[in-house]
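First comes the structure, then the notes that go with it.
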Amino acid sequence: MTTLDQSTIAALAEILETAELQAEPVAKITDRFPGMTWDDAYAVQAEIRRRKLSRGQHLAGYKAGLTSRAKMRQMGVETPVFGLIFDYMSVPEGGEIKTRELIHPKIEAEIAFVLKRPLKGPGCHIGDVLAATDFVMPAVEIIDSRYENFRFDLTSVIADNTSSSRFVTGGRSRSVQELDLRTLGVVLERNGEVVALGAGAAVLGHPAAAVASLANHLGSRGEELPAGTFIMTGGITEAIPVKAGDSVNVRFQDLGGLSMRFV
Ligand code: 0L1
Ligand code: MG
């Protein structure tokens, strides 16, 4: 149920998108609108999407966030969230990420899916996702909450497009039939030091469950995931802070590695 009118939703989208584009943090929006619902927050997210598309940017995919126990514990929440990824957020493998364009970036190692067939909830499960998947590939998400001092709640995070900011993908794409995504290991190194590690099962027991849950979420709004959609399934470990001068290398078992530099 939405409780905010369209002009308030548009004003909140403008505040949050401006914070993103100018890398200037803002107070969490539920301080001003404590009664706001998740539907209100997804409406703000949809308005951010409308603003970006109207400027000629393109949707590059979707993301599920807060899908691992480590992330849920880190954020003090219990439920996954869903967000949008745009073309300008893509950084090539081995590329540079300009920290002056970001507020307080953190990185997450994720498994990404690319669909060969559309997926539509409700009722979508892991089996449907595996049958509809063309291939999986490694990804690193750079999240950047637009809220001051990371002070937020789930509703504010959803409105802030789940902190979507940049992403790197590449490595080796593989068919899901060739892999056990639950035991697939990931090692994240920052400046040559291992700072996080984990396995795919950290994401809701199986990363495909995050895609199913996204399809069900969109299905409840009458939307579907078209063939060809790129989906990041959520950090396998807790998010790791990065700053200018850091070099990051993430190794994914059977999927190669991804590296990037923060400048
Ligand atoms: O990608 C995600 O796990 C969503 C993150 C939202 C909260 C944060 O900024 O850490
Ligand atoms: Mg993430």
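In table form, for the structure just shown:
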{"read-out": "Meets criteria (surrounded by fewer than 17 Cβ atoms within 10 Å (Cβ to Cβ), polar (S, T, N, Q), in contact with a Gly (Cβ under 9 Å, 6 or more places away or on another chain) and farther than 14 Å from ILE126 by Cβ) for SER175", "value": "no"}
{"read-out": "Any strands (runs of 3 or more DSSP E) falling wholly within the range 71-154 and containing at least 1 residues that are within 11 Å of ligand 1 (Cβ to nearest atom), of a type in the set (Gly, Ala, Ser) and over 16 Å from the mean Cα position of the chain (by Cα)", "value": "none"}
{"read-out": "From the options ALA208, ALA244, residue that is in contact with a helix residue (DSSP H, G or I) (Cβ under 6 Å, 6 or more places away or on another chain), of a type outside the set (S, T, N, Q) and surrounded by fewer than 16 Cβ atoms within 10 Å (Cβ to Cβ)", "value": "ALA244"}
{"read-out": "Criterion (of a type outside the set (Ser, Thr, Tyr) and in a loop (DSSP other than H, G, I, E, B)) met by exactly one of ARG251, ARG221", "value": "ARG221"}
{"read-out": "Hits in the range 41-70 - residues which are of a type outside the set (A, V, I, L, M), part of a helix (DSSP H, G or I) and closer than 21 Å to LEU21 by Cα", "value": "TYR42, GLN45, GLU47, ARG49, ARG50, ARG51, LYS52, SER54"}
{"read-out": "Filter pass, GLY228 being closer than 19 Å to LYS63 by Cβ and away from ligand 2 (no atom under 15 Å from the Cβ)", "value": "yes"}
{"read-out": "In the range 57-70, the residues that are hydroxyl-bearing (Ser, Thr, Tyr) and more than 11 Å from ligand 1 (Cβ to nearest atom)", "value": "TYR62"}
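Each reported figure results from applying straightforward, stated rules to the coordinates on display, with no laboratory input. All values reported here derive from a predicted model rather than from experimental measurement. Every residue, glycine as well, gets a Cβ built from its backbone with ideal geometry; the counts of neighbours run over all protein chains shown.
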